[in-house]
Amino acid sequence: MIDKRHIGHTLPNFTVEVETGRLRFFAKATGQTDPVYCDEDKARAAGHPSLPVPPTFLFCLEMESPNPTAMRELLNIDIGRVLHAEQHFSYQAMAHAGDRLRFEPRIADIYDKKNGALEFVVRETRVTNQHGQQVADLRTLTVIRNT
Amino acid sequence: MVDFACLQVGDTLPPLVMPPISRHALALYCGASGDHNPIHVDLDFARAAGMPDVFAHGMLSMAYIARMLTHWTAQENLRSLGVRFVAITQVGESITCTGKVVDSVQQDGETRLRVVVTAINQNGETRLTGEAVVATPH
């Protein structure tokens, strides 16, 4: 069982620079057909300073942490038993290529169901940009299968 | 892009229909997303973990839902997006994203629409279900 004393634990903060090439690669991998997300001229014509970060890519940037397995190591979770149960984003501002985004993740909750057969971890991450402006709040619910 | 002036509660969004998810698509998403969990791309690892095969990243289908939304309205209008991953999407499944405006509310000085979103497979089975909140420019 995951030790519930980790509820409220703050994971290491980190800063990630949004790279144009990664945004283009993400557009390709998601079948994106809207040129605003892969053509900088089209992005500027639509009023963006550079390629926009699409809505779910903030979750990907969170994986650019210097230690992306920090939470699993802390909680001693086997990656082969992990499933993504829920994902939520609240948006306060757009982010773009060239931005330096700061991620502040914390373990918001840990609970179990079915007598511990399923354990759940809630991670909440605040994202701010290089101007100190709030960009988004992420909420990730992970389930661990213990059977 | 949608004309919000003509929009009513109950309206549906243009669906996004995707081709079957290939192993190649999962490899591309692994690299592009930075989600390097081998369970999505390494069959040996997936079997050792008790799964019959590799399976799609839930976040790939969530990215498809986001594509449907940003095709419908500019991303600047998106206030929130949340989903529950209801069931695993297997290799070869074809995902269709749908959205329906279910409510209109006043919040923080703007009109916001609640949009119920889903990702279903070719058999109509739900894979993701959730909700987006979109601000109207008026």
Query raised in the report: Which value, in Å², gives the accessible area per residue of the protein assembly as shown when a 1.4 Å probe is used on the protein heavy atoms?
Result: 45
Query raised in the report: Peptide B:20-31: average number of partner chain Cβ atoms within 10 Å per residue?
Result: 2
Report summary line: In terms of the charge dipole of the protein assembly as shown, which places +1 on Lys and Arg and -1 on Asp and Glu at the beta carbon, the residue among B:72, B:98, A:37 farthest towards the positive end is B:98
Requested in this report: Pop out a list of residues from segment B:52-78 that are at least 10 Å² less accessible with all the protein chains around than in their chain alone; 1.4 Å probe, no ligands or nucleic acids counted.
Outcome: B:55, B:59, B:60, B:62, B:63, B:64, B:66, B:67, B:70, B:75, B:76, B:78
**Report entry** Projected label distance in nm at residue A:114 and residue B:87, using a 7 Å step from Cα toward the beta-carbon
**Finding:** 1.6
**Report entry** Heavy-atom accessible area ranking, 1.4 Å probe, most first, across B:51, B:62
**Finding:** B:51, B:62
Report task. Please name the residues of segment A:54-79 whose accessible area, counted over protein heavy atoms with a 1.4 angstrom probe, falls by no less than 20 Å² between the chain alone and the full protein assembly. Result -> A:55, A:56, A:59, A:60, A:63, A:79
Report task. On a 0 to 90° scale, report how tilted helix A:20-29 is relative to the longest principal axis of chain A, with both axes built from alpha carbons and the result rounded to the nearest 10. Result -> 70
Report task. Round to the nearest 10 and give me the degree value, 0 to 90, for the angle of helix B:58-72's Cα axis relative to the longest principal axis of chain B. Result -> 30
Report summary line: Quick calc, residue B:100 & residue A:70: beta-carbon distance into FRET formula, R0 41 Å, rounding 0.05, result 0.60
Report summary line: Nearest 10, in degrees from 0 to 90: the angle of helix B:23-33 to the longest Cα principal axis of chain B is 60
Report task. Would you mind computing, in nm to one decimal, how far apart the modelled labels at residue A:145 and residue A:106 are, each placed 7 Å from Cα along Cα→Cβ? Result -> 3.2
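Please compute the average number of Cβ atoms from other chains found within 10 Å of each residue's Cβ in peptide A:22-30.
Across the residues of A:22-30, the mean count of other-chain Cβ atoms within 10 Å is 6.
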Query raised in the report: Expressed as a whole percentage, what fraction of the accessible surface of the protein assembly as shown belongs to carbon and sulfur atoms when a 1.4 Å probe is rolled over the protein heavy atoms?
Result: 49
Report summary line: Per-residue accessible area, 1.4 Å probe, largest first, puts A:63, B:59 in the order A:63, B:59
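The values are calculated or read from the model by the stated rules, or taken from the named source; none is laboratory data. Since the model is a prediction, treat every value here as computed from it, not as a measurement. Glycine also receives a Cβ, built like all others from the backbone with ideal geometry; neighbour counts cover every protein chain displayed. Note: areas computed on protein heavy atoms with side chains; ligands, DNA, RNA excluded. Shrake-Rupley method; radii C 1.70, N 1.55, O 1.52, S 1.80 Å.
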